[in-house]
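The next block holds one structure in the form of structure tokens; read it before the comments.
No value in this document is a laboratory result; all are computed from the given coordinates. Predicted, not measured: the structure shown is a model, and the values here were computed from it. Positions of Cβ are backbone-derived with ideal geometry, glycine not excepted, and every protein chain shown enters the neighbour counts.
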Amino acid sequence: AQKITQTQPGMFVQEKEAVTLDCTYDTSDPSYGLFWYKQPSSGEMIFLIYQGSYDQQNATEGRYSLNFQKARKSANLVISASQLGDSAMYFCAMSGTGANSKLTFGKGITLSVRP
Amino acid sequence: KAGVTQTPRYLIKTRGQQVTLSCSPISGHRSVSWYQQTPGQGLQFLFEYFSETQRNKGNFPGRFSGRQFSNSRSEMNVSTLELGDSALYLCASSLGGSPDTQYFGPGTRLTVL
């Protein structure tokens, strides 16, 4: 079974500063993917970044980077130079292979960016 | 490329009725997955269809069903609606590999009265 844990309470960050959102995971699948999604109040789930379990380097997508520590089973999202539009709910998710190919989500973290 | 589209965006039904939600995936994507999102249970996987076949199924009662057509469009149906079925229903499409990035539609917000 796959499990994603996001335990941070609501997070606050000052505009233009960096913020780290924590995520730990558990799986017995040797091949898996880790994802971060952003959900604004409108409800749409927006894909941000992907990290494969065999990727040697941490993934980056513009202002988003994923700090992947395989031995610790953590996949933290780092948002650099926060913008007001970054205020949203952020979900960490994972998928494996076969019957585990579905996305398993964490409970999410609310991020508020202060001007 | 156009994104994932879902119709309708909002629905209000009463208990006992049934409802059908529709999802059109990104062009070229053969896998469509459905998720239910509620404040209490979070995001839960309903089922996945790939090339018109159900490939994965979550832990939902048989009142929840789905299908996929030859053009990869998918529908999900909920029969005998209950108050607890009120939720945001999200559809996601992908190429179909595993693991694979899933791209979500805007969702259908269902309210059961």
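Each listed q (0.13, 0.15 Å⁻¹) maps to a log10 I(q)/I(0) for segment A:32-115 from the Debye sum over equal C-alpha point scatterers, namely -0.42, -0.55. Here the Karplus curve 6.51 cos²θ - 1.76 cosθ + 1.60, taken at θ = phi - 60°, turns the phi angles of segment B:96-109 into couplings of x, x, 9, x, 8, 6, 9, 10, 9, x, x, x, 10, 8 Hz, with x standing for Gly and Pro. At q = 0.17, 0.26 Å⁻¹, what log₁₀ I(q)/I(0) does segment B:25-109 have when each alpha carbon counts as one equal point scatterer in the Debye sum? Values returned for q = 0.17, 0.26 Å⁻¹ are -0.65, -1.42. For the options B:Gln37, B:Gln17, B:Gln68, a Gaussian network treatment of chain B with springs between C-alpha atoms closer than 10 Å singles out B:Gln17 as fluctuating the most. Dimensions of the protein assembly as shown from C-alpha coordinates, computed as largest minus smallest value along each principal axis and given longest first, are 49, 39, 33 Å. For segment B:1-51, the alpha carbon positions stretch 37, 22, 19 Å along the principal axes, listed from largest to smallest.
Give me A:Met89, B:Met76, A:Met94 ranked fewest to most by other Cβ atoms within 10 Å of their Cβ, as a rough exposure proxy.
Working: A:Met89 17, B:Met76 22, A:Met94 26.
Ordered by Cβ neighbours within 10 Å, fewest first: A:Met89, B:Met76, A:Met94.
Counting pairs on different chains as well as pairs 8 or more places apart, how many Lys pairs in chain A have Cα atoms under 15 Å apart?
Details: A:Lys3/A:Lys70; A:Lys3/A:Lys73; A:Lys3/A:Lys102; A:Lys3/A:Lys107; A:Lys38/A:Lys107.
Lysine pairs, 8 or more places apart or on different chains, close enough: 5.
Near B:Asn56, the amide H atoms lying under 5 Å from its own belong to B:Glu48; only residues 5 or more places off or on other chains count, and H is placed 1.01 Å from N.
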